[in-house]
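To start, the structure itself, in structure tokens.
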Amino acid sequence: MSFMGGWNNAANQSVNMQNMAMAEQELEMVSDLFNRIVSSCHQKCIPKTYIEGDLNKGEAVCIDRCVGKFFEVNKSVGTKLQQMSGAGLPM
Amino acid sequence: MSFMGGWNNAANQSVNMQNMAMAEQELEMVSDLFNRIVSSCHQKCIPKTYIEGDLNKGEAVCIDRCVGKFFEVNKSVGTKLQQMSGAGLPM
Amino acid sequence: MSFMGGWNNAANQSVNMQNMAMAEQELEMVSDLFNRIVSSCHQKCIPKTYIEGDLNKGEAVCIDRCVGKFFEVNKSVGTKLQQMSGAGLPM
Amino acid sequence: MDFSQFNDAERNHLQRVMEQKQMKDFLKLYSGLVERCFNDCVNDFTSKTLSSKEASRKTLTLDFLEGCIQKCADKFLKHSERVGQRFAEANAEMMGGAK
Amino acid sequence: MDFSQFNDAERNHLQRVMEQKQMKDFLKLYSGLVERCFNDCVNDFTSKTLSSKEASRKTLTLDFLEGCIQKCADKFLKHSERVGQRFAEANAEMMGGAK
Amino acid sequence: MDFSQFNDAERNHLQRVMEQKQMKDFLKLYSGLVERCFNDCVNDFTSKTLSSKEASRKTLTLDFLEGCIQKCADKFLKHSERVGQRFAEANAEMMGGAK
């Protein structure tokens, strides 16, 4: 019964539209970040001469490091912007 | 009377929202495809030295072939993705 | 009392959805124009060798002129498109 | 797209959607054209206003024969129109083949 | 994202949002792949149809071993998949660290 | 934009729209900055983490004077701010001229 409960209750529950908008925005941000990483790391790691359809060893290692470094930059810039925002600087 | 019928009937007809969403998505896809072709074929066929405002013969022929080839690639990749999707591969 | 009036009246006023859609589209256009200028002028005026975090004199002057010229082009092309649109040409 | 599958209310709805879409596409064409022609034609920032090489001073008098911006805009519109024609043909063919 | 903070109605709502998002992301992957592989592989406009160097003629028979387009598409999908794996790990780590 | 043509309910509505827009624009600025500075500064994938040339190790202590990423981010924000000032002036002038 427990796993069915969700659907029975759902009709009587109210949906907090503001929370939903925030959750949707978070989903949007994660998906946007993913798409940007796919694009940047493709440019950095995959040569435009397509000799084979598989990823070779060098490309695979490059992708792993590229994703890691992109996350580092994303975090570092995010921290910077939050500090500025908190300090009341114009953005 | 026939061509007026549409507007008289419309008020009593229900709009299938799911069908509408699918139709809107199809419109969106066609328009997105068009914009990408405009952009790619401009890059491939139009030199950045603007000597004249008209398309010359070579540019016009290039555009025609570019649109045709883009459709070919679009179809080929679409077929590939459908096969993978049908085969249950992760995407 | 005057500056509070707005909020008291608001509940009884109807919102013209068509006007709102047009106003939102105008906001969207202004914001889109701004983002394109930021991107184009960054490409034109800021070298990719980041020697310092500040804008130097040359970069600052370049940005000012770049924004001015972008507005000029925007206006000139807008005029052109309006004339074509008024003349019933296909777009 | 095959519209015969829809009832009148749905066709009315899609009609409105397409009109909004056309407006949006027009604005996109406009802003894309400005961006492209600016990037291709304007490279000199030693002066405050567009040079005669960059753009004809007679823009407002419909004289679109001189200046890089004007030629670029003209050519881009003709390019878009030609792509539109070929696109419509290829799309119709694809739809025909799919039936 | 932490879903435990939401009630069932909200979870149902987000479920539908995520399904729509997945469909949109798939279409974006599709169109991005076409654009990228077209731009990288097709540079010859002296012929009307794709050359064998640009794309294998046997596309429809699943023979994806020849032709630039096919290799490019294959590689791009594998690239996206690998980025997805690393992304999920890095995201999980970030979320763990934030608690 | 001239707001005097709207009634209070409409102004309230537009107020909310603009607040949402500002949030979206901020997120766009953020992601655009990350993408740009990553592409311009990070080109070495022989190491797993950012080198000191790519980014200062002291990022979290507000030391934004060293490292390509930090300089790029600083410069981009100052660039955006300056474009914003000139944009507001040019926009006001255009609006004034249109009346």
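Kindly state, to the nearest 0.05, the FRET efficiency for E:Asp44 paired with D:Met94, given R0 = 25 Å and r defined as their beta-carbon distance.
0.60
Given the convex hull over the Cα atoms of the stretch B:20-84, what projected area results after averaging over all orientations, in nm²?
Over all viewing directions, the stretch B:20-84 projects a mean Cα-hull area of 5.8 nm².
Hey, got the average number of other protein chain Cβ atoms within 10 angstrom for residues in D:84-96?
Values: counts 6, 3, 10, 8, 1, 4, 8, 4, 0, 1, 3, 0, 0.
Taking all residues of D:84-96 together, the mean is 4.
A 23 angstrom limit on the alpha carbon distance is what I want to check against. Which of A:Lys57/F:Lys71; C:Lys48/F:Lys78; D:Lys21/E:Lys28; C:Lys80/D:Lys71; C:Lys75/E:Lys28; C:Lys48/E:Lys24 exceed it?
Flagged as over cut-off: A:Lys57/F:Lys71; C:Lys75/E:Lys28; C:Lys48/E:Lys24.
Mind grabbing the interface size between B and D? I mean buried accessible area, both sides, 1.4 Å probe, in Å² to the nearest hundred.
3600
At E:Gln5, label 7 Å along Cα→Cβ: distances to the other copies, nm, ascending?
4.1, 4.1
Could you tell me the extents of the stretch E:8-98's C-alpha atoms along the three principal axes, largest first, rounded to whole Å?
Cα extents, longest axis first: 57, 28, 24 Å.
Put the label 7 Å from Cα along Cα→Cβ for E:Arg16; what are its distances to the other copies, in nanometres, shortest first?
1.9, 1.9
Per residue of the stretch C:61-78, in order, report the coupling 6.51 cos²θ - 1.76 cosθ + 1.60 (Karplus, θ = phi - 60°) as ³J(HN,Hα) in whole Hz, putting x for Gly and Pro.
Rounded to whole hertz, the list is 4, 4, 4, 4, 5, 4, 4, x, 5, 4, 4, 4, 5, 4, 5, 4, 5, x.
The values are calculated or read from the model by the stated rules, or taken from the named source; none is laboratory data. Not measured: the values here are computed from a predicted model. Positions of Cβ are generated from backbone atoms using ideal geometry, with glycine treated the same way; all protein chains shown enter the neighbour counts. Ligands, DNA and RNA are excluded from the accessible area calculation, which covers all protein heavy atoms including side chains. Shrake-Rupley method; radii C 1.70, N 1.55, O 1.52, S 1.80 Å.
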